[in-house]
Number of protein chains: 2
Amino acid sequence: MDGLPTLQGLLKQLQRVPYLASKNLYRVANHFLSMTPEQLEQFCRQVREAHERLIKCPRCCAWQEQTGNCQFCSSPKRDHRLICVVETWYDLHTLEKSGGYTGEYHVLGGALSPLDGIGAEDLSIDRLLRRIDGSCNEIILAMNQTPEGEATAALVARALRNKSIKITCLARGVPVGGTLEYMDRLTVCKALLERRDF
Amino acid sequence: MDGLPTLQGLLKQLQRVPYLASKNLYRVANHFLSMTPEQLEQFCRQVREAHERLIKCPRCCAWQEQTGNCQFCSSPKRDHRLICVVETWYDLHTLEKSGGYTGEYHVLGGALSPLDGIGAEDLSIDRLLRRIDGSCNEIILAMNQTPEGEATAALVARALRNKSIKITCLARGVPVGGTLEYMDRLTVCKALLERRDF
C-alpha cells in the first residue's frame, strides 16, 4: 500500500509484536483502525499503565506489581526450598499453569545464543547465586530442550558447582498422549536411556 | 496470575487483538513490558495517528489517508471499468498482492452471518449500487468460498440484477501446486464441473 505513510507506520509497529504473522498484519491493523476512539484510548492506557506499574522482582526477575510483593518470593503458600530456573517469564507461566509446581522461580531472561548476541552476562545468573541461602535445598533447571537451552543449563549448573545444593532438571521422554511411532529418534533414545522404574 | 490486576488489564486488552493465540498472550505482554518508555510511546502514538488519519473511502470503503485521495478510486493507472467486490479490506490486500488485478475495489465490510448478527444492512451494498455508472462494465464477486461468502455473493448478484452489467466471480478449482490426491471431494467436483478449454 504505497502512498499511505500513516498505514505504513502502523504496520511497522505491529511487525515488531511477536507472534503476529506478517500475513495477519492487515487484519490486525484493521482491528485497531475499526476501534472506537474510546476503545483505542483504553488500549493505550492499559498498556502504558502495565508498563509503568509492573516491575521485575529484584530477587526472581518475574514481573510484579510495583506497589506489592512478588507473588512467588513472598507467598507463604509456596515452597521456598525449591527454585525452578526458567529461561523466560512465559516459560514460568507455562510451568505455573501445569499446576505441578509450588516452589519459587528464577527467570534468567533468555538463553545463551551467540548468534543473537546473548552471552552469560545477559542472564541473571549472578542474581541467582546471590539469592541462594540456607533455606534453599534444590535447584530445578527447566530450560527448553534446545541447543541454547541445554548450553544455558550447563552454564548455570557450572556456576552452582561450589554451592552444596541439589541440582535437578526436567524429565525428558515421550510426551503424555504421544505415540512412539511419531516420536523423533532422539526423543526415543532419551526415553530409553533415562527410563524409570515402573 | 491472580493478584496482578494491572497485568490482567493488559492481558484483557491483548485478548481482543485478532490472531493472538491465547497461548502467546504472555509472550506478547512481555514484549510490551520490556519496551523502553520511548518505544511504548512511539507504538501508542503511531496507532493513534493511524486511527485519526485513516478514513474509509466514501466510494469503495477501503482505508485511505484523510488528507489524500483513495489510491484505488482516484488512480489514473487503474482500470475503472472493473469493480472487484470483496468481503474485507484484508481480502482486498490479498488480491492486490497477487498482482493480477488493476481495477477498482468495493469493500462490503463482512459477509452475511446470521449467527454473528451480520445482515444485509450491515454491508455496503447500497453504496455499491450508487457508485455504479456508465463507466463500469463488469463486477467481479470475490467473496470467500465459504457458506457466508457464497450467500453474500448471491445477495450482491440479486441487488445488481436490474443493472445491465456483467457479473463474474473468481474461478474455483485445484490450487496452483495442489495435487488431486489431497483435494477434498467438493473441490474436485467443482474443478470438473467448471472445467475450461485447454
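Tabulated results
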quantity: Whole-Å distance, taken between Cα centres, linking the stretch B:91-159 and the stretch B:172-191; calculated: 24 Å
quantity: MRE, 222 nm, helices only [DSSP H, n ≥ 4, -39500 (n - 2.57), over chain B, to nearest 500]; calculated: -11500 deg cm²/dmol
quantity: Nitroxide proxy distance, nm - points 7 Å out along Cα→Cβ at B:Cys169 and A:Thr36; calculated: 3.6 nm
quantity: Phi-based couplings in Hz for the stretch B:92-108 (Karplus 6.51, -1.76, 1.60; Gly and Pro marked x); calculated: 3, 5, 5, 5, 4, 5, 5, x, x, 9, 10, x, 8, 10, 9, 8, 6
quantity: Peptide B:46-59 - average C-beta neighbours from other chains (10 Å radius); calculated: 6
quantity: For B:Thr102, label point 7 Å along C-beta direction: distances to other copies, nm; calculated: 7.1
quantity: Modelled label reach - B:Ser113, point 7 Å along Cα→Cβ, the stretch B:17-54 residues with backbone N closer than 11 Å; calculated: none
quantity: Choice from A:Lys12, A:Lys97, A:Lys166 showing the highest fluctuation, given a GNM over chain A with Cα pairs closer than 10 Å; calculated: A:Lys12
quantity: Exam field: B:Glu138 pseudo-label spacings to other copies (7 Å along Cα-Cβ), nanometres; calculated: 7.2
quantity: Virtual spin-label span in nm between A:Thr179 and B:Leu186, 7 Å along Cα→Cβ; calculated: 2.8 nm
quantity: For residues of A:62-71, the mean tally of beta carbons on other chains within 10 Å; calculated: 3
quantity: Sequence-distant residues sharing a close amide H with A:Cys169 (under 5 Å, placed H); calculated: A:Leu141
quantity: Exceeding the 25 Å Cα-Cα cut-off - candidates B:Lys56/B:Lys77; B:Lys77/B:Lys97; A:Lys166/B:Lys23; calculated: A:Lys166/B:Lys23
quantity: P(r) tail fraction, the stretch B:77-169 - alpha-carbon pairs more than 15 Å apart, %; calculated: 57 percent
quantity: Closest approach to the axis - chain A beta-carbon, rotation onto B, Å; calculated: A:Cys44, 2
quantity: Exposure proxy ranking, count of Cβ atoms within 10 Å, fewest first, for A:Tyr19, A:Tyr26, A:Tyr105, B:Tyr182; calculated: B:Tyr182, A:Tyr19, A:Tyr26, A:Tyr105
quantity: Convex hull of the stretch B:11-98 built on C-alpha atoms - directionally averaged projected area, nm²; calculated: 8.1 nm²
quantity: Volume per residue that the Cα convex hull of chain A spans, once the total is divided by residue count, Å³; calculated: 210 Å³
quantity: Rounded if a/c under 1.5, otherwise prolate or oblate - the protein assembly as shown, Cα gyration tensor axes; calculated: prolate
quantity: Sorted by Cβ density within 10 Å, fewest first, the residues B:Ser124, B:Ser75, A:Ser164; calculated: A:Ser164, B:Ser75, B:Ser124
quantity: Using θ = phi - 60° and Karplus 6.51 cos²θ - 1.76 cosθ + 1.60, couplings along the stretch B:158-171 (whole Hz; Gly, Pro as x); calculated: 5, 5, 8, 4, 7, 7, 7, 9, 6, 10, 10, 9, 5, 6
quantity: Inter-part distance where the stretch B:54-73 and the stretch B:1-50 are each reduced to a Cα centre, Å; calculated: 29 Å
quantity: Exposure proxy order (Cβ contacts within 10 Å, fewest to most) of A:Leu25, A:Leu193, A:Leu170; calculated: A:Leu193, A:Leu170, A:Leu25
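None of the figures in this text is laboratory data; all of them are computed from the coordinates on show. Keep in mind that what you see is a predicted model, and the values were worked out from it rather than measured. Here the Cβ is made from the backbone with ideal geometry for all residues, glycine too, and neighbour counts use every protein chain on show.
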